[in-house]
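The structure appears right after this line, and notes come after that.
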């Protein structure tokens, strides 16, 4: 058994696929080469020790010749290296553990040689080695092996960073997270940062340094005092600062042409040795004033766990995030429906990998096809439907209004009717702030869908609880403004803004979906839940800040072009109509809008006329009937403004 183990270990050292020397791309020294270098070090140390001892007043034992002693000691050290695997670590990434193994191996070898020498003495009356000789040899061997590793590590770091541009950065804060990031900067082999110091927000430190770097006090004169230190940027670490505090620091730093970076707490780093992958330029999303959302997981779990759930538009920006979040509550079955084949396939690969224990069904289908949808309701005992399927791009829908009617209105009606017929417990519809006092076809179509589900709920003919959720722009969704601006900046501009005074509300996709799930627990049916979107953002200011965060100057490096409002676009969005009132809920981020529902037969009469006009592609008649169903629908920057003039006359 021991011989077999020895052969396996020897094969791992001398004949491993990773042990081949690749001259053209030498990623690391192979194990056998490290072992040979260490043995050469042992031989070198032996003769160095012999040279030192020969100049001392000592007499060598003559049991073995000089060369025999060298071979014997080398074999003992070889066995020790083999036993403690001193060759196994990558030299350029040597750590304290590797150094300890080398020291222990050298000490063990010296002790073993001493034991052998005295054992021989007990039997023969002669000693083999001088004990001082063994001690000096062990110390020199350890020192040489340590220096070799330090030399290789330093040489590798130098070569990796040669020609790489370095940024001198200050790390904001002197707490554990900030110091840990500073330490990572100091020991990382290849990265773009040099630690210039730390910044204290509370206390002024005199003559105290951390990791050899000074500590600055953040005050009114901070940015003037750091000029002489040739600082290129600052690093914000973790969540020690509020968003408003971050914005103040970022605004002042941008005025001084400093780059701003963000690093999560080091405990969240996927690869602690790769500094460049974890310290990145701060994103505009990090600076939007959004407070964290607290969810009532107990109530969400009650209506999702162990239930069969359908998510329409499940491969879209909102729908896919709803699917991810619902998956965490262990549903009995989760059906993901979308008509976009490639995104649905990509989502399936992701979810089956991340949630292997969830029973998923991925359905390629169109919400306009009732027979296809009915088969899904017949085959599954659905408890909850999250309806996120919709067309949403305002200018495109303004030019193709028939599609908006067929998907956003008629698709919703088909799903709502099926949910009612098959006694689904809850139907949660994702709507938009553009449905409030709509100025475009997309917003009006979503408002018409809201009107129908409210009318159906209040008709008394359904046991299904119909709930509508309404929120504004979501960051990072397909076609949203921030990715669009990033692409324009990347391409050298211009950055296009439709109006100097246009403002928008923003919310992250996870935030929006969290509130959708929470609203689903609240509704008793017929409500429209409106989300607190935080402070509105002026799009012109957003564009300027994004350009500055990219290290460029607005109007100098990147032009900002005002191109005029697009068809159907308005300067500001609203979350409540003039006729609606808002009531608080137990969640501070969610309000309940109270609208007077229309009679179902009146709604159905108008929708039949809208659908008939859509079938014949009579856009003018279709939009005119839509304006009757949604009387607050007043077109702006659109060909359909004429219909508003005709109605006034």
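Here are a few things to note about the model shown:
- Being crowded, with 21+ Cβ neighbours inside 10 Å and either in contact with a strand residue (DSSP E or B) (Cβ under 9 Å, 6 or more places away or on another chain) or not in a strand (DSSP E or B) (or both) holds for only one residue in 411, 460, and it is 411.
- Applying the set (1) assigned to a loop (DSSP other than H, G, I, E, B); (2) modelled with pLDDT of 80 or more to residue 71 leaves exactly one unmet item: (1).
- Selected residue [modelled with pLDDT under 65, crowded, with 18+ Cβ neighbours inside 10 Å and under 29 Å from residue 390 (Cα atoms)] from 307, 290: 290
- In segment 67-85, the residues that are loosely packed, with under 15 Cβ neighbours inside 10 Å and over 12 Å from residue 129 (Cβ atoms): 67, 71, 75, 79, 83
- Only one of 530, 453, 481 that is closer than 23 Å to residue 389 by Cα and at pLDDT 85 or above: 453
- Candidate set from segment 234-258 (those that are assigned to a loop (DSSP other than H, G, I, E, B) and crowded, with 18+ Cβ neighbours inside 10 Å); member that is modelled with the lowest pLDDT: 238
- Condition met for residue 399 (surrounded by fewer than 22 Cβ atoms within 10 Å (Cβ to Cβ), out of contact with any helix residue (DSSP H, G or I) (no Cβ under 6 Å at 6 or more places or on another chain), over 30 Å from residue 634 (Cα atoms) and at pLDDT below 95): no
- From 4, 22, 9, residue being modelled with pLDDT under 70, assigned to a loop (DSSP other than H, G, I, E, B) and exposed (fewer than 14 other Cβ atoms within 10 Å of the Cβ): 22
- Leading residue by the ranking (farthest from the chain's Cα centre (by Cα)) among those in segment 321-334 that are buried (at least 24 other Cβ atoms within 10 Å of the Cβ) and without any contact (Cβ under 8 Å) to a residue 60 or more places away in the chain: 334
- The set of residues from segment 218-233 being in contact (Cβ under 8 Å) with a residue 40 or more places away in the chain and exposed (fewer than 11 other Cβ atoms within 10 Å of the Cβ) comprises just one member, 230.
- The helices (runs of 4 or more DSSP H) found wholly in segment 467-570 and carrying at least 3 residues that are exposed (fewer than 15 other Cβ atoms within 10 Å of the Cβ) occupy 481-490.
Table: residues versus (1) surrounded by fewer than 18 Cβ atoms within 10 Å (Cβ to Cβ); (2) assigned by TED's automatic domain parsing to the domain that holds residue 512; (3) at pLDDT 95 or above; (4) in contact with a helix residue (DSSP H, G or I) (Cβ under 8 Å, 6 or more places away or on another chain).
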{"site": "378", "(1), (2), (3), (4)": "yes, yes, no, no"}
{"site": "388", "(1), (2), (3), (4)": "no, yes, no, yes"}
{"site": "431", "(1), (2), (3), (4)": "no, yes, no, yes"}
{"site": "437", "(1), (2), (3), (4)": "no, yes, no, no"}
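- Test: residue in segment 196-209 that is within 19 Å of the chain's Cα centre (by Cα), at pLDDT below 85 and farther than 22 Å from residue 546 by Cβ: no
- Residue selected from segment 424-439 under the condition part of a loop (DSSP other than H, G, I, E, B) and in contact with a strand residue (DSSP E or B) (Cβ under 9 Å, 6 or more places away or on another chain), by the criterion farthest from residue 377 (Cα to Cα): 436
- Look at (1) assigned by TED's automatic domain parsing to the domain that holds residue 452; (2) at pLDDT 85 or above and you find that residue 580 fails only one, number (2).
- Checking residue 88 against (1) loosely packed, with under 15 Cβ neighbours inside 10 Å; (2) modelled with pLDDT under 75; (3) not in a loop (DSSP other than H, G, I, E, B), the condition it does not meet: (3)
- Some residue of segment 512-526 being more than 30 Å from residue 488 (Cβ to Cβ) and at pLDDT 85 or above: yes
- Cβ-Cβ distances below 6 Å connect the following pairs, each with a first residue in segment 450-479 that is over 21 Å from residue 512 (Cα atoms), a second residue that is at pLDDT below 80, and a separation of six or more residues or different chains: 454/526; 457/525; 457/526; 458/526.
- Every residue from segment 330-366 that is out of contact with any strand residue (DSSP E or B) (no Cβ under 9 Å at 6 or more places or on another chain) and either outside any loop (DSSP other than H, G, I, E, B) or within 17 Å of residue 518 (Cα to Cα) (or both): 330, 342, 343, 346, 349, 350, 353, 354
The values are calculated or read from the model by the stated rules, or taken from the named source; none is laboratory data. Bear in mind that the values here come from a model prediction, so they are computed numbers and not experimental data. No Cβ is skipped: glycine too gets one built from the backbone with ideal geometry, and neighbour counts run over all protein chains shown.
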